[in-house]
Protein chains: 2
Amino acid sequence: MKIIKSVREMAAFSRDVRRRNRTIGLVPTMGYLHEGHLSLMKAARRQTDVVVVSIFVNPLQFGPHEDFRQYPRDFRRDRAMAQSVGVDVVFCPSQKDMYPDGYRTFVTVDKLTDGLCGASRPGHFKGVTTVVAKFFGIVKPDKAYFGQKDAQQAIVIKRMTENLNMGIDIRVMPIIREKDGLAMSSRNVRLSAAERRDAPILYQSLVKARRMVKGGETDPSKVIRRICFLIEGKRSARIDYVAVVDARDLSPLRSIDEAVLIAVAAYFGKTRLIDNIVIREDKRHN
Amino acid sequence: MKIIKSVREMAAFSRDVRRRNRTIGLVPTMGYLHEGHLSLMKAARRQTDVVVVSIFVNPLQFGPHEDFRQYPRDFRRDRAMAQSVGVDVVFCPSQKDMYPDGYRTFVTVDKLTDGLCGASRPGHFKGVTTVVAKFFGIVKPDKAYFGQKDAQQAIVIKRMTENLNMGIDIRVMPIIREKDGLAMSSRNVRLSAAERRDAPILYQSLVKARRMVKGGETDPSKVIRRICFLIEGKRSARIDYVAVVDARDLSPLRSIDEAVLIAVAAYFGKTRLIDNIVIREDKRHN
């Protein structure tokens with residue numbers, strides 16, 4: 001497995017791969033890898049010739065009061081994990097190489113970034129779309145892999161890729177969960193023991209919401225109220241948002257009769273976690 | 001010469017060219033071609049294997065009170081001119097294909113777009129960078145050609161391409177002028193006879209400004225005053241801006257001792273024309 005630290009070297013490597021008409025799969029990450037990331041790498045391994053994993057904690061997508069400095073980092077462990085699933089290249093550029101002096105260019109996706117995480121993290125998605133556009137430019141992958149846990153991010157990146165005609169196939173892979181249902185996240189390591197015990201309520205509340213919808217409930221506000229009630233029952237939890245939206249474009253739903261995304265974000269202590277569930281029409285009423 | 005109207009077909013054609021490891025040169029235009037455009041196509045013809053000229057009057061880069069509807073169009077003439085210099089593909093997508101329903105993504109370059117044309121045409125450069133990013137995505141050229149007449153545009157696009165790591169070589173070609181010095185522009189056709197007689201003052205005033213600088217003048221305000229005086233002497237002219245800025249990053253200059261860009265914009269009747277001249281350090285004091 002190759003470790004590439006410079007943008008220029010990564011671009012040259014990638015150009016060479018393309019010249020030989022081999023396909024590239026990119027898994028962009030912020031490191032501190034877990035099973036969720038590994039599932040993306042394994043998919044890339046199956047579906048493309050050369051698998052590139054980027055590791056870059058992107059300052060641009062953190063707000064001034066967010067956890068950029070505290071975001072967990074462990075490069076040795078990440079490297080070993082990437083190697084274990086057959087990754088070809090780990091690309092870990094420096095901040096300076098990604099955002100040199102005179103950096104001025106930003107990519108934005110309007111409207112889709114107004115609600116949910118975009119509302120509570122202003123500027124977050126501008127940072128995400130910009131850094132992803134850069135990785136797409138450097139690596140020029142055929143396919144790129146993202147996790148469904150960041151549901152809004154996946155929708156925003158798909159739209160950006162389509163809108164800017166990037167010609168990259170965006171693959172969104174299912175959420176990987178701990179045994180008790182907690183969605184895998186690099187931030188889980190920052191939970192105290194008590195917070196860790198409370199955190200599975202996110203998934204549990206989503207499962208109950210799904211049961212309501214499958215049972216015929218069509219009123220989003222009733223579903224939201226139920227989820228809030230369940231999460232608020234946990235001492236360490238503070239809700240950021242609970243949303244019931246159209247699964248394709250994140251628009252609000254008056255009535256649940258399309259493919260629906262139910263998404264939650266909550267703080268457990270100082271750690272903000274997110275989770276979601278998609279209920280498709282064809283899986284309802286069964 | 002091939003005429004391609006659909007984004008999908010253009011992307012497929014381009015993919016096929018790249019697979020055969022042949023290079024692509026792109027000349028993005030809004031049509032109504034003139035000698036300036038042809039010089040870009042000829043450069044592309046010399047420097048790349050497959051020359052693609054896009055013709056698209058981009059609504060996104062026109063303000064609500066600007067001349068989008070009145071912008072001159074003549075596809076037959078454009079096609080013949082492109083063919084005469086050996087262009088391989090004319091790509092002329094529809095608005096609907098470029099900006100389908102649900103279009104949401106924009107590329108912006110901060111600061112460099114605040115002054116000059118950016119100040120008098122709010123949103124203009126956001127439209128330019130977005131459409132150029134799209135053409136770069138669709139065509140994926142090795143080299144792309146722009147005219148020095150749009151000096152700010154060239155600087156902005158270079159920065160975008162670098163910042164987003166697009167890996168495209170941006171070539172900026174010299175301004176092509178009529179015999180009396182008027183810079184070639186698709187908009188020149190809209191000048192009345194009287195306006196057409198007045199319009200060469202733009203270039204004449206720039207030539208005089210260059211003479212001042214070469215003669216040792218280092219005070220930007222004196223140079224600007226001289227240019228304004230000359231342009232205001234023409235009855236049909238109304239100055240939009242006269243700027244003396246750093247030729248690399250468009251920052252204002254207190255004193256002319258670096259490579260300097262002198263740029264002017266003025267209305268002749270309802271038609272807004274621009275022109276500029278770059279004076280490099282090594283060409284001064286001689």
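Here are the numbers for the structure shown:
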{"quantity": "Residue match in region B:115-125 (condition: more than 11 Å from chain A (Cβ to nearest Cβ), more than 25 Å from B:Arg8 (Cα to Cα) and of a type in the set (D, E, K, R))", "calculated": "yes"}
{"quantity": "Scan of region B:221-269 for residues that are assigned to a strand (DSSP E or B) and farther than 20 Å from B:Gln152 by Cα, ordered by number", "calculated": "B:Ala237, B:Arg238, B:Phe268"}
{"quantity": "Residue within region B:178-197 that is among the aliphatic types (A, V, I, L, M), touching a Lys or Arg at 6+ places or on another chain (Cβ under 6 Å) and closer than 30 Å to B:Tyr99 by Cβ present", "calculated": "yes"}
{"quantity": "Residues of region B:85-113 satisfying the condition of being among the acidic types (Asp, Glu) and within 23 Å of A:Val109 (Cβ to Cβ)", "calculated": "B:Asp97, B:Asp101, B:Asp110"}
{"quantity": "B:Glu162, sole failed condition from (1) open to solvent by less than 40 Å² (accessible area, probe 1.4 Å); (2) within 13 Å of chain A (Cβ to nearest Cβ); (3) assigned to a helix (DSSP H, G or I)", "calculated": "(1)"}
{"quantity": "Single residue of A:Val85, A:Val57 found to be hydrophobic (A, V, I, L, M, F, W, C) and over 30 Å from B:Ile157 (Cβ atoms)", "calculated": "A:Val85"}
{"quantity": "Checking A:Gly181 against (1) surrounded by fewer than 20 Cβ atoms within 10 Å (Cβ to Cβ); (2) touching a residue at least 40 places away in the same chain (Cβ under 8 Å); (3) not in a helix (DSSP H, G or I), the condition it does not meet", "calculated": "(2)"}
{"quantity": "Region A:88-108: number of residues that are within 7 Å of another protein chain (Cβ to nearest Cβ) and among the polar types (S, T, N, Q)", "calculated": "2"}
{"quantity": "Candidates A:Val207, A:Val260 - the one that is among the hydrophobic types (A, V, I, L, M, F, W, C), in contact with a strand residue (DSSP E or B) (Cβ under 8 Å, 6 or more places away or on another chain) and surrounded by 15 or more Cβ atoms within 10 Å (Cβ to Cβ)", "calculated": "A:Val260"}
{"quantity": "Answer from B:Ser236, B:Ser251 - the residue that is of a type in the set (S, T, N, Q), modelled with pLDDT of 95 or more and either buried (at least 18 other Cβ atoms within 10 Å of the Cβ) or assigned by TED's automatic domain parsing to the domain that holds B:Pro200 (or both)", "calculated": "B:Ser236"}
{"quantity": "Breaking point among (1) within 14 Å of chain A (Cβ to nearest Cβ); (2) at pLDDT below 95; (3) closer than 23 Å to B:Val189 by Cβ, for B:Phe56", "calculated": "(2)"}
{"quantity": "For B:Pro200: the one exception among (1) in contact with an Asp or Glu (Cβ under 7 Å, 6 or more places away or on another chain); (2) surrounded by 20 or more Cβ atoms within 10 Å (Cβ to Cβ)", "calculated": "(2)"}
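The values are calculated or read from the model by the stated rules, or taken from the named source; none is laboratory data. Being a predicted model, the structure only gives us computed values, none of them experimental. All Cβ positions, even for glycine, are placed from backbone atoms using ideal geometry, and neighbour counts span all protein chains on display. The accessibility values were calculated without ligands, DNA or RNA, using every heavy atom of the protein model including side chains. Shrake-Rupley method; radii C 1.70, N 1.55, O 1.52, S 1.80 Å.
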